[in-house]
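This report refers to the structure that appears directly beneath it.
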Amino acid sequence: MVRGIYGGVRPTVRGKFIWVGNEKLYVRGVTYGTFRPDENGNQYHNLQLIERDFAAMAANGINAVRVYNSPPHALLDLAAQNGLRVVVDLAGDQYVGFLTDKDDAPDIGAVVRAKVRAVSGHPAILAYSLGNEIPAALVRWHGRRRIERYLRRLHRAVGDEDPGAMITYVNYPSTEYLQLPFLDFYCFNVYLESRDRFAAYLARLQNLVGDFPLVMGEIGLDSFRNGENLQAHVLGSQIRTAFEHGCAGVFAYAWTDEWYRGGAEAEDWAFGLTDRDRRPKPALAAVREAFSEVPLSNYIFWPSVSVVVCSYNGARTIRQTCEELRKLEYDSFEVIVVDDGSTDGTAEIARAYGFRVIVTRNRGLSHARNTGLRAATGEIVAYLDDDAYPDPQWLSNLAHAFLTSDHAAIGGPNIPPPGNGIVADCIAAAPGGPVHVLVSDCEAEHIPGCNMAFRKADLEAIGGFDPQFRVAGDDVDVCWRLRDSGRTIGFCPAAMVWHHRRGSVRTYWKQQRGYGKAEALLESKWPEKYNAAGHVCWAGRVYGNGHTRRIWSRGRIYQGTWGCAPFQSIYEPAAGLVSSLPLMPEWYLLMPALSAASMLALLWRALAVAVPLLVIAVAISVIQAGVNAARTRFVSADRSAPVLAAMRVLTACLHLLQPAARLCGRLSHGLTPWRRRVAADVVVPRPRHFAIWSERWRAAHERLQSLESTLRSDGACVLRGGDFDRWDLEVRGSIFGAARLRMAVEEHGLGRQLARFRVWPQPSIAMVMFSALMAALSIGAARDGAWAAAAIIGVLAVMLAARIGNECALATSALLAPIEAQQQRASPHASPSAEEAPASATTEQPLKPIGVVAR
């Protein structure tokens, strides 16, 4: 009878939440214990008291219990009878010391297996916890990786004894740096009384756990020191904040003040919702009220939302999108489907669900999104792709995020659904998928188009989407334009959608080529966002499954002096040029160059050194792909070992294929490392000095902004100097060369100023060195009598040197143009000479009209 109380359905993880069948399970829990054991060591010996406790929990809206020891079957039976699910702690933290002191050490794996075997398959079990808060000092002593391997070993033991059970580990801020991707969900004990600080830390944790659920293992406040009323207030606030920020559940610490630890009763603290005699404290009512509002308060005035789905021949997937849109738990929303000239019956499918359908000729994705924007009547416009479908609380979480912030746009995670097949699972783990980029734990630089929402007024204010982006890139462009206008973009971890990935290698190749084309369009519009090689330089950090990681990057753990920091994190150094090169599509251009050099070895044997370099370049890409594939956790992980091995091989191949596809799309649409970014007259690339005298005061930054604006309007790629640069503006010619400008302003009183400018060419040091190397190789080949090789290499060296000079000349000319324009506007009769221009500030200088002097 007990085994059938939950219908025989075990809880599982789907995306950011825990589900039981088709019902989302929000964990509303309390911790229970530890208690004084009897003579047999059993702390759960008073079954009558346990039954009363569990009945009271259920009556107060609690649906889960977390215990700190392996419970007897009787406790699990009582939990099931009261509709409670139990997180069973396996106490792996108590055995960590045996990793060092191996004498008389028990077989920890066998101990854990025995604990799991005793309760395996019980319907009341919510999950197993491998342990609770391995002390930071012990993790520091053993090292992060050894503890991670230890927990992985325990994880395998639990999975062998109770297949299909959910497994977690209860971490805490002092060891938040532990990387445990094998867990089903992440659990953290966090004690922060301030709502703002707790919310900020939740945002950090959500980014650490990624696409997995986050559960608060312990939250609470000691009423012994803080009073019962403050305890109630803090607990209610913590529970609401946790669910508002996307947590899948919380455990309030603890059910009762009765607490036994280390051989004695704790008399000097009181974290319980009830006292030692089980009399309710104000905290119990506060918890009950907060749990009744899960996941969000019922007393919120929700804004109206327009959901826009743009589709082109999406009949294969849009039916599921429409089905799930009808299940949204939100009162005030409309659905607008924009059919962008489909020929497969997409419009008919959408109309069958009663949604508003707008049919247009095929004009591209941005046009379709603008059409939906114009038709929308909601205060918020949320965009969803036709191959994605939302979580039931998607709109509620988005709307709540808008109500509690001033962001102009907000996005959420997009997670590939299980069951799409082996190839789709591998593509979901491959690079190039839709990811978000965060500049802080809460603020985004980019949110992907398959899950993004905007305040309608803000999106209209910037003119909507740019129609030139027909297939991709429009979401990046609109995010950059919003941020450029001074608005901000947020990220809401709970606003989740399921997004199907491509189902074949061919369609994946086509998609990535299209993304390469979109990057070329973006670079032509936002050249300052790209480096000289043509690689986008994000201001924030890229999140999401599948993005390629640097193989020789090692983070440093901030632990505090003597390991005393309460919040300990991994800090990863900024990516350098050398470590980033293998991640760029342009890395693949190096291999043909080395292959050509290897062929020249037939003419000059000394060039045979290019052969091992070619092997190294290829090996780096292969190793990079293999390491990333080995770290992958697939969407559908319940496959046999041979199938998983084959999937890793395919995933590694996709890691190699994706940059090649992007590179093809980039090159075919003009995004090449050797592209020209400046259209100007050629001048001699040499330093020049200017002095501009003005009778009208003007701020220095305004002068530079004016120059920058003029240069941009002329189509130049302009960069601003950073905090540590001695230059103010740079015009980038290409990867071969640039020109820079520095300004200084002398104040002469009565609003009079002398602005000094220096303009000089800036050739690429790497290209100059490469040109010199080729010249040296040409000379060496000539000395060895390999005249054909010497001629070929010499011509290439000359061509490269000429290109460097030409790019510097063009960039210098572009920087000179705005100053020459000022010369033309200046009075030709009163321009002071260099000698007449004031050399230092003085209020006694005679008034002079605006003039320009060039040296």
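Count of segment 296-336 residues, restricted to those that are within 22 Å of residue 403 (Cβ to Cβ) and either in a helix (DSSP H, G or I) or over 29 Å from the mean Cα position of the chain (by Cα) (or both), is 8.
A residue that is in a loop (DSSP other than H, G, I, E, B), open to solvent by 20 Å² or more (accessible area, probe 1.4 Å) and more than 30 Å from residue 718 (Cα to Cα) cannot be found anywhere in segment 641-659.
Could you list, in sequence order, all residues of segment 157-184 that are assigned to a helix (DSSP H, G or I), open to solvent by 10 Å² or more (accessible area, probe 1.4 Å) and either free of Cβ contacts under 8 Å to residues at least 40 places away in the same chain or under 13 Å from residue 134 (Cα atoms) (or both)? Break it down stepwise before answering.
Taking segment 157-184 first, the residues assigned to a helix (DSSP H, G or I) are 157-161, 173-175.
From what's left, open to solvent by 10 Å² or more (accessible area, probe 1.4 Å): 159-161, 173-174.
Residues satisfying the conditions are 159, 173, 174.
The requirement of being farther than 30 Å from residue 663 by Cβ and open to solvent by 10 Å² or more (accessible area, probe 1.4 Å) is satisfied by residue 401.
Report whether or not residue 236 is at pLDDT 95 or above, more than 30 Å from residue 630 (Cα to Cα) and touching an Asp or Glu at 6+ places or on another chain (Cβ under 8 Å).
Yes; evaluated as a whole, the condition is true for this residue.
Being at pLDDT 90 or above and either of a type in the set (Phe, Trp, Tyr) or within 41 Å of the chain's Cα centre (by Cα) (or both) is the filter; apply it to segment 65-76 and report the residue that is most open to solvent (accessible area, probe 1.4 Å). Restricting to residues being at pLDDT 90 or above and either of a type in the set (Phe, Trp, Tyr) or within 41 Å of the chain's Cα centre (by Cα) (or both), the top hit is 68. Condition (residue is more than 30 Å from residue 521 (Cα to Cα) and touching a His at 6+ places or on another chain (Cβ under 9 Å)) applied to segment 674-688: is it met by at least one residue? No, segment 674-688 has no match at all.
May I ask you to list the residues in segment 680-715 that are open to solvent by 60 Å² or more (accessible area, probe 1.4 Å) and either touching an Asp or Glu at 6+ places or on another chain (Cβ under 6 Å) or of a type in the set (Ser, Thr, Tyr) (or both)? Matches in segment 680-715: 709, 713. Within the set 111, 116, 96, the sole residue that is surrounded by 22 or more Cβ atoms within 10 Å (Cβ to Cβ) and assigned to a helix (DSSP H, G or I) turns out to be 116. There is at least one residue in segment 376-391 that is aliphatic (A, V, I, L, M) and in a loop (DSSP other than H, G, I, E, B).
Restricting the search to segment 286-302, which residues are surrounded by fewer than 17 Cβ atoms within 10 Å (Cβ to Cβ) and farther than 21 Å from residue 17 by Cβ? Passing the criteria: 289, 299, 301.
In segment 453-483, which residues are of a type in the set (Val, Ile, Thr) and open to solvent by 60 Å² or more (accessible area, probe 1.4 Å)?
If the condition is that a residue be of a type in the set (Val, Ile, Thr) and open to solvent by 60 Å² or more (accessible area, probe 1.4 Å), then 471 is the only one that fits.
Residues that are open to solvent by 10 Å² or more (accessible area, probe 1.4 Å), among the polar types (S, T, N, Q) and without any contact (Cβ under 8 Å) to a residue 12 or more places away in the chain occur at least once in segment 185-201.
One residue is enough: does segment 289-304 have a residue meeting the conditions of a type in the set (D, E, K, R), farther than 30 Å from residue 459 by Cα and in contact with a helix residue (DSSP H, G or I) (Cβ under 6 Å, 6 or more places away or on another chain)? No; the residues of segment 289-304 include none that is of a type in the set (D, E, K, R), farther than 30 Å from residue 459 by Cα and in contact with a helix residue (DSSP H, G or I) (Cβ under 6 Å, 6 or more places away or on another chain). Answer yes if at least one residue in segment 226-246 is within 30 Å of residue 15 (Cβ to Cβ), buried (at least 20 other Cβ atoms within 10 Å of the Cβ), touching a residue at least 12 places away in the same chain (Cβ under 8 Å) and aromatic (Phe, Trp, Tyr), and no otherwise. Scanning segment 226-246 turns up at least one residue that is within 30 Å of residue 15 (Cβ to Cβ), buried (at least 20 other Cβ atoms within 10 Å of the Cβ), touching a residue at least 12 places away in the same chain (Cβ under 8 Å) and aromatic (Phe, Trp, Tyr).
Would you mind stating whether residue 79 is of a type in the set (Gly, Ala, Ser) and open to solvent by 10 Å² or more (accessible area, probe 1.4 Å)? Give the derivation first.
Working: of a type in the set (Gly, Ala, Ser): yes; open to solvent by 10 Å² or more (accessible area, probe 1.4 Å): no.
No: the conditions fail for residue 79.
To keep it simple, each residue is scored yes or no on (1) modelled with pLDDT of 90 or more; (2) touching a strand residue (DSSP E or B) at 6+ places or on another chain (Cβ under 7 Å); (3) part of a helix (DSSP H, G or I).
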{"site": "581", "(1), (2), (3)": "no, no, yes"}
{"site": "590", "(1), (2), (3)": "no, no, yes"}
{"site": "596", "(1), (2), (3)": "yes, no, yes"}
{"site": "599", "(1), (2), (3)": "yes, no, yes"}
{"site": "616", "(1), (2), (3)": "yes, no, yes"}
{"site": "619", "(1), (2), (3)": "yes, no, yes"}
{"site": "622", "(1), (2), (3)": "yes, no, yes"}
{"site": "628", "(1), (2), (3)": "no, no, yes"}
{"site": "635", "(1), (2), (3)": "no, no, no"}
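For segment 660-679, filtering for residues that are crowded, with 21+ Cβ neighbours inside 10 Å and hydrophobic (A, V, I, L, M, F, W, C) leaves 4.
Of 401, 430, 424, 444, which residue is over 20 Å from the mean Cα position of the chain (by Cα) and either touching a residue at least 12 places away in the same chain (Cβ under 8 Å) or part of a strand (DSSP E or B) (or both)? Spell out how you get there, then give the answer.
Values: 401 fails: over 20 Å from the mean Cα position of the chain (by Cα); 430 fails: over 20 Å from the mean Cα position of the chain (by Cα); 444 fails: over 20 Å from the mean Cα position of the chain (by Cα).
Within the list 401, 430, 424, 444, the selection yields 424.
Could you please give the count of residues in segment 119-142 that are part of a helix (DSSP H, G or I), buried (at least 19 other Cβ atoms within 10 Å of the Cβ) and without any contact (Cβ under 8 Å) to a residue 60 or more places away in the chain? Summing the residues that are part of a helix (DSSP H, G or I), buried (at least 19 other Cβ atoms within 10 Å of the Cβ) and without any contact (Cβ under 8 Å) to a residue 60 or more places away in the chain in segment 119-142 gives 2.
Return yes or no: is residue 9 in a loop (DSSP other than H, G, I, E, B), among the hydrophobic types (A, V, I, L, M, F, W, C) and open to solvent by 40 Å² or more (accessible area, probe 1.4 Å)? Yes. Residue-level analysis places residue 486 among those that are surrounded by fewer than 22 Cβ atoms within 10 Å (Cβ to Cβ) and within 20 Å of residue 438 (Cβ to Cβ).
Residue-wise test of (1) open to solvent by less than 50 Å² (accessible area, probe 1.4 Å); (2) at pLDDT 80 or above; (3) farther than 19 Å from residue 659 by Cα.
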site: 510; (1), (2), (3): no, yes, no
site: 528; (1), (2), (3): no, yes, yes
site: 537; (1), (2), (3): no, yes, no
site: 545; (1), (2), (3): no, no, no
site: 565; (1), (2), (3): yes, yes, yes
site: 587; (1), (2), (3): yes, yes, no
site: 606; (1), (2), (3): no, yes, yes
site: 613; (1), (2), (3): no, yes, yes
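The single residue among 352, 376, 368, 409 that is buried (at least 24 other Cβ atoms within 10 Å of the Cβ) and touching a helix residue (DSSP H, G or I) at 6+ places or on another chain (Cβ under 9 Å) turns out to be 409.
Taking the condition surrounded by fewer than 23 Cβ atoms within 10 Å (Cβ to Cβ), touching a His at 6+ places or on another chain (Cβ under 7 Å) and either outside any loop (DSSP other than H, G, I, E, B) or of a type outside the set (Phe, Trp, Tyr) (or both), does residue 418 pass?
Details: surrounded by fewer than 23 Cβ atoms within 10 Å (Cβ to Cβ): yes; touching a His at 6+ places or on another chain (Cβ under 7 Å): no; either outside any loop (DSSP other than H, G, I, E, B) or of a type outside the set (Phe, Trp, Tyr) (or both): yes.
No: the conditions fail for residue 418.
The values are calculated or read from the model by the stated rules, or taken from the named source; none is laboratory data. Small disclaimer: the values here were computed from a predicted structure and weren't measured. Every residue, glycine as well, gets a Cβ built from its backbone with ideal geometry; the counts of neighbours run over all protein chains shown. Quick note on the areas: whole protein, heavy atoms, side chains included, nothing else; ligands and nucleic acids left out. Shrake-Rupley method; radii C 1.70, N 1.55, O 1.52, S 1.80 Å.
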